[in-house]
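Okay, so here's the structure we're looking at.
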There are 2 protein chains.
Amino acid sequence: MIRLSAVPKSIFTCLLAAVLTTFFTDTQAQSARNRQPSEHDFMYQYSIIDALMAGVFDGDLTIGQLKKKGDFGVGTFNRVDGELLIDKGHVYKIAWDGSVKEVPDSDSTSAAFVKYFKADTVIHLNGPGLTYEKVQEQITHLLNPNGIYALRISATFPTMTTRAEKPAGKPYTSLPEHLKHNQVVFELKNTTGICAGFLLPPYLARTNVPGFHLHYLADDHKSGGHIFNFTADAVTIEVDKAKGFTIENNTHADFGKVNLQPDRGAELKKIE
Amino acid sequence: MIRLSAVPKSIFTCLLAAVLTTFFTDTQAQSARNRQPSEHDFMYQYSIIDALMAGVFDGDLTIGQLKKKGDFGVGTFNRVDGELLIDKGHVYKIAWDGSVKEVPDSDSTSAAFVKYFKADTVIHLNGPGLTYEKVQEQITHLLNPNGIYALRISATFPTMTTRAEKPAGKPYTSLPEHLKHNQVVFELKNTTGICAGFLLPPYLARTNVPGFHLHYLADDHKSGGHIFNFTADAVTIEVDKAKGFTIENNTHADFGKVNLQPDRGAELKKIE
């Protein structure tokens with residue numbers, strides 16, 4: 001939370017602008033929502049984060065099927081072969097070598113979190129000196145802590161730190177153990193693009209990632225990954241509040257065998 | 001978990017019968033499922049257990065709307081005015097005075113967990129000396145710990161202990177605090193009826209009740225409630241495995257104001 005006295009004038013002005021934009025876009029969004037099926041306003045996810053954490057790295061949902069559940073979101077692929085990002089209905093893989101490719105419908109995912117994205121709030125924040133942490137503080141300040149939000153952040157980023165991972169071979173280990181040896185970190189400079197992902201409430205622990213979870217895709221499709229940190233001078237944040245949440249269980253045999261009793265929240269925080 | 005050497009012969013015979021019935025009914029159920037929309041095989045819930053625990057006792061979902069989400073399940077009403085049970089599309093209220101009434105569509109719920117019920121497994125267990133605890137052990141032994149199951153248990157019960165609660169007045173307290181002073185326990189004898197509810201995996205902590213959560217309705221509609229204990233000589237357990245789970249957030253203003261950060265799992269166990 002921020003104290004107003006500690007807020008630089010430029011950010012304070014932006015917050016006022018943000019609130020005004022909210023009222024304006026709420027009406028527009030309402031009209032858009034009236035034309036779309038009600039289930040489009042629910043977030044959808046295949047499998048749960050705790051299964052992925054525990055090493056359930058394969059799933060039966062194809063990318064083609066995933067696209068029918070939402071046009072925006074994040075996830076990974078079978079064998080945790082890179083970071084998944086969906087924007088405007090296109091599914092991208094950011095691989096461990098830093099390359100970005102659009103993914104064929106025949107590929108499969110072991111965990112993905114998606115939504116049909118329609119912004120109902122737009123927040124503009126100006127720097128100087130914006131960081132991922134400060135952007136999170138501002139968003140947290142403006143949104144309800146119990147809400148389920150899809151976030152699409154567009155900006156030019158002087159610095160952007162991301163990761164992707166090499167695919168796992170069998171027998172699979174846990175995700176933290178796999179990342180320890182197979183995570184590649186990218187230090188991107190002066191990159192323009194979008195951050196796609198979610199801000200989720202504490203009650204979705206175990207099933208998903210409470211708090212912020214965003215992946216990055218450069219506009220030129222030459223870089224991206226799971227976001228650790230960034231700096232920016234100005235960001236535009238599109239916010240889409242979901243009415244709820246659908247979880248479809250992973251039907252792969254490994255899901256039925258894994259021990260989902262332990263609370264893996266502390267482990268999860270270390271790798272996010 | 002049970003050791004075979006410790007299993008009375010009558011129960012062991014029943015377990016074999018249960019497995020055979022499973023294969024038989026799986027085929028029947030598959031055929032039934034092919035005729036129903038896919039979303040009918042997902043559990044649906046309005047609001048989350050942690051909000052109810054924290055004192056969010058009002059919701060905006062009418063019983064008429066709830067009936068469109070499932071024909072079977074459990075829950076409560078606004079002001080926690082009694083226990084809710086749905087069976088075959090009929091919604092019943094078991095009130096604190098022990099009475100049972102079918103509920104008009106215009107009533108509202110602050111928390112309800114429902115599904116369109118189609119059994120895909122039927123388990124028969126014979127006693128003597130079956131208890132709620134022993135039935136739970138048998139079911140746990142036969143089903144996958146990571147699955148989401150709706151359960152419908154029918155039997156004659158020599159004893160059945162249930163509860164219902166008086167409605168709350170404002171300002172609301174937490175659910176455990178409310179129950180401390182307003183819970184009425186019923187000691188029913190030689191009652192025939194059905195137990196309706198769910199067996200849920202550990203990852204649905206915070207959003208729902210992990211483990212078993214069943215409500216009772218006597219066939220003569222003269223008694224029921226949230227089940228604490230029972231004894232039975234023979235039970236028939238219909239099991240409907242769900243593909244997943246949909247949570248619709250409570251839209252009442254109180255939901256946005258409540259602190260959902262604390263883990264209320266230990267408190268919940270005390271009142272279940």
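Read the figures in this text as sums done on the coordinates, not as results from a lab. The shown structure was predicted, so the numbers you read here are calculated from the model rather than taken from an experiment. Every residue, glycine as well, gets a Cβ built from its backbone with ideal geometry; the counts of neighbours run over all protein chains shown.
What average number of partner chain Cβ atoms lie no more than 10 Å from the Cβ of the residues making up B:238-250? Whole-number average of other-chain Cβ neighbours for B:238-250 is 5. The residue in chain B that lies nearest, by its beta carbon, to the axis linking chain B with chain A is given here with the distance in whole angstrom as B:Thr246, 2. Label points for B:Gly89 are taken 7 Å from Cα along Cα→Cβ. From this copy to the others they lie 3.7 nm apart, shortest first. Residue-normalised convex hull volume from the C-alpha trace of region B:4-271: 123 Å³ per residue.
Calculated [222 nm] ellipticity per residue, helices only, for the protein assembly as shown: -7000 deg cm²/dmol; basis is -39500 (n - 2.57) per DSSP H run with n ≥ 4, divided by all residues, nearest 500.
Listed by chain and number, the lysines whose C-alpha is less than 20 Å from the C-alpha of A:Lys134, apart from same-chain residues fewer than 8 away, are A:Lys9, A:Lys189, A:Lys269, A:Lys270. Inter-copy label distances at A:Glu187, using a point 7 Å along Cα-to-Cβ, come to 7.3 nm with the shortest given first.
For B:Lys270 and B:Val184, the difference between the fully extended length at 0.36 nm per residue and the C-alpha to C-alpha distance is 29.4 nm.
Peptide A:200-208 has a mean shielding of 6, counted as Cβ atoms of other protein chains within 10 Å of each residue's Cβ.
Taking a straight line from the alpha carbon of A:Lys222, these aspartates and glutamates sit under 18 Å away, with near neighbours fewer than eight places off in the same chain left out: A:Asp81, A:Glu83, A:Asp87, A:Asp97, A:Glu102, A:Glu165, A:Glu187. The H on the amide N of A:Asp58, modeled in the peptide plane, is under 5 Å from the matching H of A:Arg79, each at least 5 residues off or on a different chain.
Across the copies of the chain, A:Asp254 has label points (7 Å from Cα along Cα→Cβ) spaced 4.4 nm apart, shortest distance listed first. Shown is the FRET efficiency for B:Asp254 and A:Glu133, computed with R0 = 25 Å from the Cβ-Cβ distance and rounded to the nearest 0.05: 0.20. Residue separation of A:His141 and A:His221 scaled by 0.36 nm, minus their Cα-Cα distance, works out to 25.6 nm of gained length. Taking other residues whose beta carbon is less than 11 angstrom from the beta carbon of B:Leu151, and scoring Lys, Arg as +1 and Asp, Glu as -1, yields +1. Per-residue 3J(HN,Hα) values for region B:39-55, derived from phi via the Karplus relation 6.51 cos²θ - 1.76 cosθ + 1.60 with θ = phi - 60°, read 5, 5, 9, 9, 6, 10, 9, 9, 6, 10, 5, 5, 5, 4, 4, 7, x Hz in sequence order (x marks Gly and Pro).
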